[in-house]
Each structure stands twice: as C-alpha cells, then as structure tokens.
C-alpha cells in the first residue's frame, strides 16, 4: 500500500512537469521517462524513510537528466542511436554531431542478450555534450517485430 502511494505521488509530480513546456514534446518525453527510471532506480536503495527519500531523489534527478537529453534529440539523432543498436558490437561506440541543435552524442551498446520473451535486447549508454556540459543515460532497448529497437526503461 505504501509503495502504491509513493508511485501515485511520483506520477502526480512528473505528469504536471511534462505538461509545463508546451511545444517541447521531446523534452516532455525525456522528463517523464527520466523521472520514471530515476524513481525505479531509487526504489532499489535503502529501507523505510531512506528508501522513500531515495525514490524521490531518483525521480527528481531523472526528471532533470531526462529533460536535458530529450531537449536536444531530434529524429536524426534517434536514427543514429537506432543504427548504433543495430550494427555496433558491444562496447563499440558511435558518435555524431547534430548541427541543428549543436549537440554531440555517443551511443554505445554494452550488453546483448535475449529476454524471457525471446526478444533480442541490448543495454546501452548514451552521452550527450551540449555547451561544454555532458549528461549520461543508460537503458535497455529490445528489438520489435518490425525490426526497430524500442526503449524498455
């Protein structure tokens, strides 16, 4: 019951934040995804009130990082990341620069495996560099029936 209340509060916090920035769909998606991932990661830390604090801190950190990454990625960047997941060996990075946003990206698949549903999945790391600042994100993507890679977390 307590976990349900925490997740409801997280949802109530994240969704309004995503809606605050009209016309910035990529940033909104990054905000929601980052907040959710941060909350999940935070839920694996501590016990009792410490765990609650870790969930909240993870959510807030995820919101900030996800928002920043989402702000600078466009369709070309998504295609480059898909290409890295499709063709790169584990630990082989792909880097590119987006002249439209001024952002530079590096995506590197780190682990390839088959999940319990028989899907090919890859854990990956994406680094973004904008205006001398860098942010890093990690996740898992699984191949869909249409051949594309879908981010799972």
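Overview of results
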item: Selected residue (criterion: farthest from residue 77 (Cα to Cα)) from residues of segment 118-135 that are surrounded by fewer than 15 Cβ atoms within 10 Å (Cβ to Cβ) and without any contact (Cβ under 8 Å) to a residue 24 or more places away in the chain; result: 118
item: Residue match in segment 80-93 (condition: assigned to a strand (DSSP E or B) and at pLDDT 90 or above); result: no
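The values are calculated or read from the model by the stated rules, or taken from the named source; none is laboratory data. Quantities reported herein were computed from a predicted structural model and do not represent experimental measurements. As a convention, Cβ positions derive from the backbone with ideal geometry for all residues, glycine included, and neighbour counts pool all protein chains shown.
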